[in-house]
Amino acid sequence: MVSGNPTIVLVHGAFADSSGFNGIAKRLVADGHSVVAAPNPLRGLAFDAAQVKALLDSIEGPIVLVGHSYGGAVISTAAEGNANVKALVYLAAFVPETGESAQALVEKFPGSTVGESLKPVPLPDGQVDLYIDPRVFHPHFAADVSAEEATLYSITQRPATGAALGEPATGPQAWHTIPSYNLISGADRIIPPATQEFMAQRSGAKTQVVEGASHMVFVSRPGATVALIETAVQEQTLPQ
């Protein structure tokens, strides 16, 4: 993939797929940006990061890398060592330090409903796939999205393995060396806002809090989401 302009790469999280990015992708393309939605296997943090890293390696020119939720942990590893990645944008996302897992971070501060929301499906290899129970998907995961939309997202969600959510980040984390931007969802019931703020402050990110926003902030507040991504593009990839 070759582009003379920055490429915005979108990485979805657990209990989702790339179709959730349709709304912001449409706006970004209309604004003239090159956009790629990366498939995130949701099988294990190191494995998933390696898959995204391979995609990043195929893109020439500057990259702004965007991750939602568990996708934040993936991009933090996948971007390490890639000089083309000029900015990391975290959307209601995990920003782990080496040795931290998504599961450990979500438990760092009170307020998450994720534990009570999970519906496990045992797999033949002994692993467990985890889904958000459709009965609570709307209030817990997507409270500020319409009930009709939330139902569709619950139907099309993709599971993450329990091992992926519990796997600690290994190796250097890219946010130590790459400028980062963080959109915090102020009414998040999956990753508590206090946890998001802790991670954003630790990483030195340029931060914006979207009051009242659920974990699906990029769906319910596409304008704020696109504005932060475009700020990263402007500040980190274009001549000042």
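Can you give me the relative contact order of the chain as a percent, contacts being Cα pairs under 8 Å and 6 or more apart?
The normalised contact order for the chain reaches 24 percent.
Keeping all protein chains in place, calculate the accessible area per residue for the chain (probe 1.4 angstrom), answer in Å².
40 Å²
Can you work out D for segment 185-240 in µm² s⁻¹ from Stokes-Einstein, where Rh is the Kirkwood radius over C-alpha pairs, the temperature is 37 °C and the viscosity is 0.692 mPa s?
Rounded to a whole number, D works out at 270 µm²/s.
Classify segment 7-236 as rounded, prolate or oblate from the Cα gyration tensor: take a ≥ b ≥ c as the square roots of its eigenvalues, call it rounded if a/c is under 1.5, otherwise prolate when a/b beats b/c and oblate if not.
Rounded.
Calculate what fraction, in whole %, of the accessible area of segment 7-236 sits on carbon and sulfur atoms when a 1.4 Å probe is rolled over the protein chains.
Of all accessible area on segment 7-236, carbon and sulfur atoms account for 56 percent.
Under 15 Å from a point placed 7 Å out from the Cα of Ala50 along the Cα-to-Cβ direction: which residues of segment 163-179 have their backbone N that close?
Under cut-off, by backbone N: 164, 170-171.
Separation of segment 114-150 and segment 174-240 by C-alpha centroid, Å?
23 Å
Name the shape class, rounded, prolate or oblate, that the alpha-carbon gyration tensor gives for segment 1-48, where a ≥ b ≥ c are the square roots of its eigenvalues, rounded holds for a/c under 1.5, and otherwise prolate holds if a/b is larger than b/c and oblate otherwise.
Cα axes put segment 1-48 in the oblate bin.
Placing unit charges on C-beta atoms (Lys and Arg positive, Asp and Glu negative, everything else neutral), compute the dipole magnitude of the chain about its Cα centre in debye, rounded to 20.
It works out to roughly 160 debye.
Excluding ligands and nucleic acids, what accessible area in Å² is computed for Thr77 using a 1.4 Å probe, to the nearest 10?
40 Å²
Assuming a ≥ b ≥ c are the square roots of the Cα gyration tensor eigenvalues, decide whether segment 83-124 counts as rounded (a/c under 1.5), prolate (otherwise, with a/b larger than b/c) or oblate.
prolate
The values are calculated or read from the model by the stated rules, or taken from the named source; none is laboratory data. Model, not experiment: these values are computed from the prediction. Heads up, the Cβs are rebuilt from the backbone with ideal geometry, glycines too, and the neighbour counts pull from every protein chain shown. To get the accessible areas, we keep the full protein, side chains included, count just its heavy atoms, and leave off ligands, DNA and RNA. Shrake-Rupley method; radii C 1.70, N 1.55, O 1.52, S 1.80 Å.
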